[in-house]
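The structure under discussion appears below in the form of structure tokens.
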Amino acid sequence: MNKKSVALLMALAVLLVVSPACKKKEVVAGKADAKDMLTMLPENAALVISFDCHQFSQLALFDKAIAGDWGKKDEGSKKIFKDYQEFVTKTGIDLKKDLFFVSFALYGQLGSQEPEGVGVVNMKYDRQRLLTLLLENQVTVQEEIYQGVSVYSVKDAEKKIVKKEEDFRFAFLNPSNILFGTPAKVKSAIDLAKGKGQNILKTASFKKYFAQIKADSMFWLVLGSLPEAIKSKPQAGSQVPVDLSKAEAFLGYLDFKNKMLSGQFQLISHNEEGNKGIVDLLNGLKALGAMGSTKEPELAELLNGINLTSNADQIKLTFSISDAVLNKLGEKAKEKAATALTAPAVAPEAEPSAEGAISDVPQDPLPEPEQNP
């Protein structure tokens, strides 16, 4: 065997060994993590949000959210399911067991009239069962094949003209993941799945901020490009020292462990003096709130659980509050709302008559004129 043949065989052996290692990892429902989800989102997003639905579904709050009558119709709306059990029966999806992640990315300038975005739902589902249900209820109105993947439009079939910002698409990417979002970005995510383009983890600015996030938390976000509109310097003589002119990113997370809701939010701003001014202002407002909460121990505990700090590069807010306190605050909020709705209306004030007197207020009689003797 000559040297060329040996070299060719060695090269082939290397390819056989390396190829499986280089194969793209499949993001499987129930086995994926938040970082895996990011591999399905195209690069250069302004905002990225991740929600661990499986963690959230274990909370009592989730059970309250899915309870009740789903069939109660709001004006102008169409309800497909009468309750959660019917939803499970018709879709074959139990949200507590089968839904794992929702990750979403927004592109372009925040606050624009025509935002572009794409999200991924990671779950166990039956594609044909879901599609049949959607078609039966006229949720989908058009199908387009893109790169071998069916992309469906979701529009109001009764509308003759659909605005661009209302044009919404979804696609069954694979047995574990469903794409949703604006047409161009859904197609970009399909391109990415086919090996074309880069994912969000390849964006240098996002990667830098993602390293500071607690990625296994229940919810997190990275806003890597703040709108220019909020980066305004305080006016001369202003009594509110809010200087966000050097702010460049906002990140945070929420977590729920051992019946405690905790979280952290950071404003990345390389402005030591400006950061200190904002924290001083917020701590002052917090102190005022604590003074007014002497009759509401739950509110006082909430405020005491908030900690605000700053340094030359950031403002950081951390907090921790028990599930019991959150429930009490929620109940009190409901009570106040109910009281406000049932409070008697205040009678309107009487209006003055044309002569300028109050017409329905009794007037003292004029004194009788004195009689001459």
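The values are calculated or read from the model by the stated rules, or taken from the named source; none is laboratory data. This structure is a prediction, so every number in the text was calculated from the model and none was measured. Neighbour counts run over all protein chains shown; Cβ positions are idealised from the backbone, glycine included.
Does Gly108 satisfy the criteria of being of a type outside the set (D, E, K, R), modelled with pLDDT under 90, in contact with a strand residue (DSSP E or B) (Cβ under 7 Å, 6 or more places away or on another chain) and not assigned by TED's automatic domain parsing to the domain that holds Asn327? Give the derivation first.
Working: of a type outside the set (D, E, K, R): yes; modelled with pLDDT under 90: yes; in contact with a strand residue (DSSP E or B) (Cβ under 7 Å, 6 or more places away or on another chain): yes; not assigned by TED's automatic domain parsing to the domain that holds Asn327: yes.
Yes: the conditions hold for Gly108.
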Point to revise | Residues located in the range 157-180, provided they are modelled with pLDDT of 95 or more and of a type in the set (Gly, Ala, Ser) | key: Ala171, Ser176
Practice item. Could you tell me which of the residues Lys286, Lys295, Lys332 is at pLDDT below 85 and assigned to a helix (DSSP H, G or I)? Key: Lys332
Exercise for review: Sort out which residues of the range 101-143 are exposed (fewer than 14 other Cβ atoms within 10 Å of the Cβ), of a type outside the set (S, T, N, Q) and free of Cβ contacts under 8 Å to residues at least 24 places away in the same chain, and write them in order of number.
Suggested key: Leu135, Glu136, Glu143
Point to revise | Single residue of the range 254-276 satisfying the filter (among the small types (Gly, Ala, Ser), assigned to a strand (DSSP E or B) and under 24 Å from Leu244 (Cα atoms)) that is farthest from the chain's Cα centre (by Cα) | key: Ser269
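Provide a single number: the residues in the range 16-31 that are among the small types (Gly, Ala, Ser) and either in contact with a Pro (Cβ under 9 Å, 6 or more places away or on another chain) or at pLDDT 90 or above (or both).
1
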Study note, to complete from the structure: Restricting attention to the range 209-256, the residues that are at pLDDT below 90 and of a type in the set (Lys, Arg) number exactly 2
Check your understanding: Would you call Ile93 in the same structural domain as Leu173 (by TED's automatic domain parsing) and in a strand (DSSP E or B)?
Key -> no
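Can you find even one residue in the range 1-12 that is in a helix (DSSP H, G or I) and modelled with pLDDT of 75 or more? First the steps, then the outcome.
Of the range 1-12, the ones in a helix (DSSP H, G or I) are 3-12.
Now narrow it down to the ones that are modelled with pLDDT of 75 or more: none.
No, the range 1-12 contains no residue that is in a helix (DSSP H, G or I) and modelled with pLDDT of 75 or more.
So, in the range 202-231, of the ones that are closer than 30 Å to Asn258 by Cβ and touching a helix residue (DSSP H, G or I) at 6+ places or on another chain (Cβ under 7 Å), which residue ends up surrounded by the most Cβ atoms within 10 Å (Cβ to Cβ)?
From the range 202-231, those closer than 30 Å to Asn258 by Cβ are 209-223; that's our starting set.
Retained after the next criterion (residues that are touching a helix residue (DSSP H, G or I) at 6+ places or on another chain (Cβ under 7 Å)): 215-216, 218, 222.
Values: Ala215: 16, Asp216: 13, Met218: 22, Val222: 25.
Across the range 202-231, the extreme among qualifying residues is Val222.
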